[in-house]
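Step one of this worksheet: look at the structure below.
The values are calculated or read from the model by the stated rules, or taken from the named source; none is laboratory data. Bear in mind the structure is a predicted one, so any value in this text is a computation, not a measurement. Cβ placement follows ideal geometry from the backbone for every residue including glycine, while neighbour counts extend to all protein chains displayed. Protein only, heavy atoms only, side chains kept; ligands, DNA and RNA dropped before computing areas. Shrake-Rupley method; radii C 1.70, N 1.55, O 1.52, S 1.80 Å.
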Amino acid sequence: MKRILSCMQPTNRLQLGNYLGALKNWVAFQDEPGAECLYGVVDLHAITMPYDSAALAQATRETAAAYIAGGIDPSKSAIFVQSAISAHSELMWLFSTIAQLGKLERMTQFKDKAGKNSERAGLGLFAYPVLMAADILVYKATHVPVGDDQKQHLELAREIAGTFNHKYKEEFFPLPEPVITGAATRVMSLRDGTKKMSKSDESDYSRINLTDNADAIAQKFRKAKTDTLPVPASKEEMKGRPEAENLLTIYAALAEQPMEAVLTQFGGAQFSVLKQGLVDISVEKLAPITKRMAELMKDPGEIDRILKRGNEKANSLAEATIKETRALMGFWS
Ligand code: AMP
Ligand code: TRP
């Protein structure tokens with residue numbers, strides 16, 4: 001049986017990269033026969049960087065609303081809140097005795113987020129990937145659909161599972177497989193084609209948010225960085241032109257067309273033509289999501305009920321794992 005688990009942090013609004021790199025693939029798993037899906041809002045991860053405690057609960061609801069608006073059906077998948085399932089934190093502590101400092105020091109996300117002053121970074125930010133391993137393994141998840149940037153974290157989760165199994169019981173935890181698929185596993189910033197599109201980039205012009213209206217989408221694509229040549233007409237011509245490649249990739253992913261077709265359609269044209277195409281396809285694909293999200297946010301009570309149901313399901317699975325884990329590790333009970 002397949003058990004699918006993935007999560008996002010309730011930090012800021014979801015952006016196009018979250019949708020194309022992750023959420024769209026989550027939705028596809030729901031209808032796979034025999035696949036059980038759990039999707040979490042990881043608020044304990046969100047507090048590893050400076051955050052607004054007055055806005056956290058609402059951001060959690062909003063992230064859940066984005067999941068539902070993006071196609072996650074709460075009657076098929078459990079949508080849960082990480083902090084409501086205490087087994088995540090407990091398993092993280094147990095794993096912290098297995099995870100090696102040297103491995104954690106190599107995590108590029110930590111280096112990026114800690115910046116120059118890493119001496120002052122919090123222990124939580126450093127241990128972030130260990131909590132992520134616990135998120136996955138507490139459900140004995142077999143498949144984890146994520147964007148390309150999470151590869152290294154998944155690798156660590158597999159290592160932790162392997163070490164635990166070797167120490168305590170072979171095949172106790174499945175080695176979770178990263179599922180990094182789709183046309184756009186790494187959507188780049190609209191301002192700099194070498195940087196990842198991110199919820200936390202200081203420039204809002206760097207990203208398309210799932211809550212942007214048609215005007216905002218149009219403005220952002222019009223201002224998107226390009227180069228002075230016409231749109232590339234082949235993969236060969238795309239090389240060394242990260243902004244052009246990114247815009248074409250976004251188009252291919254949203255239009256669900258192969259890159260070759262997109263290159264044929266726009267190759268040789270001015271970028272303004274591609275940008276107009278991007279505005280049209282983005283509005284067409286994102287407007288229904290934005291609208292549904294706004295509707296859902298009008299009834300936070302209903303979102304809370306959905307989360308409570310998801311939490312119950314998640315909690316029963318997680319509690320079973322943590323009980324077994326405690327026994328395997330030899331704790332008094
Ligand atoms: P985060 O926003 O860091 O909570 O990311 C949630 C999910 O979205 C993870 O699976 C990420 O890999 C994915 N993701 C975030 N940004 C991008 C991006 N620019 N391109 C593709 N996937 C992304
Ligand atoms: N680290 C992921 C991100 O920043 C979020 C995350 C936390 C996650 N726990 C997870 C993703 C478990 C997949 C599975 O995008």
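Across the range 228-244, rounded Karplus estimates of 3J(HN,Hα) from the backbone phi angles (6.51 cos²θ - 1.76 cosθ + 1.60, θ = phi - 60°) give 8, 7, x, 4, x, 10, 8, 4, 4, 5, 6, 4, x, 10, x, 5, 5 Hz, Gly and Pro being marked x. Each Cα pair under 8 Å and six or more residues apart adds its sequence gap; the mean of these over the residue count of the chain is a relative contact order of 23 percent. Using amide H atoms built in the peptide plane, which far-off residues or other-chain residues are under 5 Å from Cys7 H to H? Correct list: Gly40. Selection among Phe331, His88, Cys7 by position relative to the dipole of the chain gives Phe331 as farthest towards the positive end (Cβ unit charges, Cα centre).
Computed about its Cα centre, the charge dipole of the chain is approximately 360 debye, with only Lys, Arg, Asp and Glu carrying charge at their Cβ.
Straight-distance candidates among the aspartates and glutamates for linking to Lys103, with alpha-carbon spacing under 14 Å and chain neighbours fewer than 8 residues away dropped: Glu155, Glu159.
Accessible surface ranking for His45, His166, 1.4 angstrom probe, highest first: His166, His45. Solvent-accessible surface of the chain, taken per residue with a 1.4 Å probe and all protein chains present: 47 Å².
With θ taken as phi - 60° and the Karplus curve 6.51 cos²θ - 1.76 cosθ + 1.60 applied, the whole-hertz 3J(HN,Hα) list for the range 247-254 is 5, 5, 5, 4, 4, 4, 5, 5 Hz, x standing for glycine and proline. The aspartates and glutamates whose alpha-carbon is closer than 15 Å to the alpha-carbon of Lys313, local same-chain residues fewer than 8 away aside, are Glu36, Asp73, Asp135, Asp304. Report the antiparallel proportion of the DSSP beta bridges in the chain as a percent, rounded to a multiple of 5. Percent antiparallel among DSSP bridges in the chain is about 10. Applying the Karplus relation 6.51 cos²θ - 1.76 cosθ + 1.60 with θ = phi - 60° to the range 83-96 yields 3J(HN,Hα) values of 5, 7, 10, 5, 4, 4, 5, 5, 5, 4, 4, 4, 5, 5 Hz, where x marks Gly and Pro.
Working note: Cα atoms of the chain, range along each principal axis, descending, whole Å: 70, 44, 41. Between helix 214-223 and the chain there is an angle of about 70 degrees, using the helix long axis and the longest principal axis of the Cα atoms.
Give me, ordered by chain and number, the residues 5 or more places off Cys37 or on other chains with an amide H under 5 Å from its own placed amide H. Correct list: Ile4, Ala78.
If I build a Gaussian network model for the chain, linking alpha-carbon pairs within less than 10 angstrom, which residue out of Pro74, Pro33, Pro176 has the largest mean-square fluctuation? With Cα springs under 10 Å in the chain, the top fluctuation among Pro74, Pro33, Pro176 is at Pro33. Split the accessible area of the chain by element, probe 1.4 Å, and carbon with sulfur accounts for 52%. With the charge dipole of the range 204-295 set up from +1 on Lys and Arg Cβ and -1 on Asp and Glu Cβ about the Cα centre, the Cα lying farthest toward the positive end among the listed residues Val279, Pro258, Pro232 is that of Val279. Straight-distance candidates among the lysines for linking to Lys239, with alpha-carbon spacing under 18 Å and chain neighbours fewer than 8 residues away dropped: Lys195, Lys196, Lys225.
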